[in-house]
Amino acid sequence: MADALTLERSASAHTNAKMQVVNLVKRFENAATGQSMEALSDINLTVQKGEFLTIVGPSGCGKTTLLRILAGLIEPTSGQVLLDGVPITGPSPTLGFVFQSDNLMPWRTVWDNVGFGPEMRGERKKDYAPRIEHLLELVGLEGFAKYYPHQLSGGMRQRVNLARALAIEPDVLLMDEPFAALDAQMREIMQDELLRIWKETGNTVIFITHQIDEAIFLADRLLILAARPGRVQELMDIDLPRPRTLEIKRTPHFTEMADHVWHGIERQVRASIRHEQFASGAPKRSGAELAS
Amino acid sequence: MTTQLTFDQAPSAIRNPRPKPPSSFQKMYRHYRSSLIATGSILAGLLLWEFAARLIIRDKLFLVAPSEVIVRSIELLQTGEIQQHTATSAFEFFAGFALSAVVGVFGGLMIGTSKLTRNIATPWISALYSTPTVALSPLLILWFGLGMWSKVIVVFIVSVFPVLVNTQAGIEGADERLVETARAFGAKRSQIFTKVLLPAAVPFIVAGLRLGIGRGLVGVVVAELFGATSGLGYLITVSSQIFDMGALFAAVVILAGAGVISTELVKILERKIAPWRA
């Protein structure tokens, strides 16, 4: 274990590793029943500097748990997460988190929401104000600085959410299904915008989604997580040329990859449907049927 | 060309006469319709009351007509009695209410954030919140005298609990996701309190203040009924003893007005400190 860690660390010195996940395990204990559930089982993963990694997997595969551990919001049961070779112990100022629901503070204007991170760090307003102005421009909300979240559309709120994460000038952006609540057209526009912003900032991005085409369209590499317990099923290189336009989604190569990912997940999804039926005790099935 | 145009226009104008633009009177009517109806409803009620008092009951002891209430109010204004009683009650109310706003908000914040404080305070709050503490007025008057301070304390006791309980509910009901968001952005414990929990609780605190106002006004009057030397409740007691129903109603009308005005003031306060709630 210690050897593996030193090995990983020395490896990070000459490769360009930004984040490393080493033998990560997360178990949740149910206090009421005393049972423990393994959410993540022995995850190993290296994310390169400037890389765009997407993670797909069936619901219940521990995607969000993994991301929250990477963000330092919850602790793993065992194993480590290294950021630039240093273990993560809590929320880090170099990690920006984009939440699934936009989680904007309703009492703060767009400007103040975007400036939340710098303000919490105790930066002086006049120092970070130009950065906020620039970010509002970047996400196309320069005219909405004084608006409150309830006055914005879902897409605009999600862009504020993104700008807020960028305002702390993170090296790594952790994104948890940020476009899930948007309609199909808005989602495609936001994917485009995200790639443009990623190119401009040079961030490392770890992006969770349940949309296969979104995962392929954005990614340098795509990680398929298997469920129950969550574990790495496959890591795919997405060798589509950049810059990517929406037309790329209709090329045969893209569809091939999408099929491949879907076949990887399909069995998992079906298993999880069975699991849910089984857990809720709905239709009783024989053991033979379950195994098939 | 021009003749043809006039020729074409004329018949179509006859067939489809445009609706006349609304007159300024109609516009005004539309704009103020609901407040006009409300005013009319009040006036009709007063008329009915006047009618009943003068023609049906015809006994000033049972029902005094609104016109006589107005006359009596003017007399009391001229002697300065009404101003004096209103000032007494207003002081008692504002001092007691200010005290309960401060204690209620700070106490609620402490109970909402610290488990120890919550465990200590909860049994007391549950016991006292639903008790009609106004009933303690005679005892408080015995302790603190017939003057204003016993009433200040009654107002405090009856209006502090809604503020306290609402503030606590606001802190405890703050969105867990916003707390985690703040944590992800590196907020310290104190920052989570000032930047997330406190603003999230503001609407609840305002609702608690509004409830407290209602209870506090009742508290002032009831406490003064039990024993006082001045104040609107005192005016009510004295007037009823000498069958001066005009003065009694004058005091009640002022109390009703005070309730409306205080509630409106809290609404303005809410718009000032919570402008995100459109």
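The values are calculated or read from the model by the stated rules, or taken from the named source; none is laboratory data. Quantities reported herein were computed from a predicted structural model and do not represent experimental measurements. Glycine gets a Cβ as well: all are built from the backbone with ideal geometry, and neighbour counts include every protein chain shown.
For the criterion of being outside any loop (DSSP other than H, G, I, E, B) and within 13 Å of chain B (Cβ to nearest Cβ), A:Arg68 passes.
Residue count for segment B:217-262 under the criterion of being in a loop (DSSP other than H, G, I, E, B) and touching a residue at least 24 places away in the same chain (Cβ under 8 Å): the result is 7. Taken together, the residues in segment A:206-226 that are assigned to a strand (DSSP E or B), in contact with a Ser or Thr (Cβ under 9 Å, 6 or more places away or on another chain) and crowded, with 22+ Cβ neighbours inside 10 Å amount to 5.
Yes/no per residue for (1) of a type in the set (Gly, Ala, Ser); (2) part of a helix (DSSP H, G or I); (3) free of Cβ contacts under 8 Å to residues at least 40 places away in the same chain:
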site: B:Leu61; (1), (2), (3): no, no, no
site: B:Ser67; (1), (2), (3): yes, yes, yes
site: B:Ile74; (1), (2), (3): no, yes, yes
site: B:His85; (1), (2), (3): no, yes, no
site: B:Thr88; (1), (2), (3): no, yes, no
site: B:Phe91; (1), (2), (3): no, yes, no
site: B:Gly96; (1), (2), (3): yes, yes, no
site: B:Met110; (1), (2), (3): no, yes, yes
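Checked against the criterion of being outside any helix (DSSP H, G or I) and not aliphatic (A, V, I, L, M), the candidates B:Pro275, B:Pro199, B:Pro203 yield just one match: B:Pro275. Looking only at residues of segment B:180-204 that are more than 8 Å from every other protein chain (Cβ to nearest Cβ) and in contact with a Gly (Cβ under 6 Å, 6 or more places away or on another chain), we find that the one that is surrounded by the fewest Cβ atoms within 10 Å (Cβ to Cβ) is B:Phe204.
Given the criteria outside any loop (DSSP other than H, G, I, E, B), within 13 Å of chain B (Cβ to nearest Cβ), touching a strand residue (DSSP E or B) at 6+ places or on another chain (Cβ under 8 Å) and surrounded by 16 or more Cβ atoms within 10 Å (Cβ to Cβ), does A:Gly117 qualify? So A:Gly117 passes the test. When each of A:Gly90, A:Gly79, A:Gly85, A:Gly50 is tested for being farther than 19 Å from B:Val196 by Cα, away from every other protein chain (no Cβ under 12 Å) and modelled with pLDDT under 90, the lone residue that passes is A:Gly85. Here B:Met148 fulfils each of the conditions (1) under 27 Å from the mean Cα position of the chain (by Cα); (2) surrounded by fewer than 18 Cβ atoms within 10 Å (Cβ to Cβ) apart from (2).
Residues that are polar (S, T, N, Q) and surrounded by 22 or more Cβ atoms within 10 Å (Cβ to Cβ) are absent from segment B:116-132 altogether.
Taking the criterion of being more than 10 Å from chain A (Cβ to nearest Cβ) and either touching an Asp or Glu at 6+ places or on another chain (Cβ under 7 Å) or not aliphatic (A, V, I, L, M) (or both), the residues of segment B:264-278 that qualify are B:Glu264, B:Lys267, B:Glu270, B:Arg271, B:Lys272. Checking the condition under 24 Å from A:Ile43 (Cα atoms) and more than 16 Å from the chain's Cα centre (by Cα), which residue from A:Arg131, A:Arg196, A:Arg221, A:Arg228 passes? Going through A:Arg131, A:Arg196, A:Arg221, A:Arg228 in turn, the sole match is A:Arg228. Residues in segment A:161-182 that are among the charged types (D, E, K, R) and assigned to a helix (DSSP H, G or I): A:Arg164 only.
In the set (1) away from every other protein chain (no Cβ under 13 Å); (2) buried (at least 18 other Cβ atoms within 10 Å of the Cβ); (3) touching a helix residue (DSSP H, G or I) at 6+ places or on another chain (Cβ under 9 Å), A:Asp127 fails one condition alone, (2). Restricted to segment A:142-155, and to residues there that are in a loop (DSSP other than H, G, I, E, B) and modelled with pLDDT of 90 or more, the residue that is nearest to A:Ala180 (Cα to Cα) is A:Leu152.
A quick yes/no check of all residues on (1) more than 15 Å from the chain's Cα centre (by Cα); (2) touching a residue at least 12 places away in the same chain (Cβ under 8 Å):
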{"residue": "A:Met19", "(1), (2)": "no, yes"}
{"residue": "A:Ser41", "(1), (2)": "yes, yes"}
{"residue": "A:Gly57", "(1), (2)": "no, yes"}
{"residue": "A:Gly62", "(1), (2)": "no, yes"}
{"residue": "A:Pro76", "(1), (2)": "yes, yes"}
{"residue": "A:Pro87", "(1), (2)": "yes, no"}
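Checking B:Thr79, B:Thr88 one by one, the residue that is within 17 Å of B:Leu255 (Cβ to Cβ) and of a type in the set (Val, Ile, Thr) is B:Thr88 and no other.
Could you run through segment A:173-182 and say how many residues are surrounded by fewer than 23 Cβ atoms within 10 Å (Cβ to Cβ), in contact (Cβ under 8 Å) with a residue 60 or more places away in the chain and not charged (D, E, K, R)?
Selection size over segment A:173-182: 2.
Across segment B:170-179, the qualifying residues are those that are farther than 24 Å from A:Glu169 by Cβ and crowded, with 18+ Cβ neighbours inside 10 Å, and the one among them that is farthest from the other protein chains (Cβ to nearest Cβ) is B:Ile171. Within segment B:196-216, the only residue that satisfies the criterion of being among the basic types (Lys, Arg) and in contact with a Lys or Arg (Cβ under 9 Å, 6 or more places away or on another chain) is B:Arg210.
Among the candidates A:Gln185, A:Gln158, single out the residue that is in a helix (DSSP H, G or I) and surrounded by fewer than 23 Cβ atoms within 10 Å (Cβ to Cβ).
Going through A:Gln185, A:Gln158 in turn, the sole match is A:Gln185.
Screening A:Phe97 on (1) among the aromatic types (Phe, Trp, Tyr); (2) crowded, with 20+ Cβ neighbours inside 10 Å; (3) in a helix (DSSP H, G or I) shows it passes everything except condition (3).
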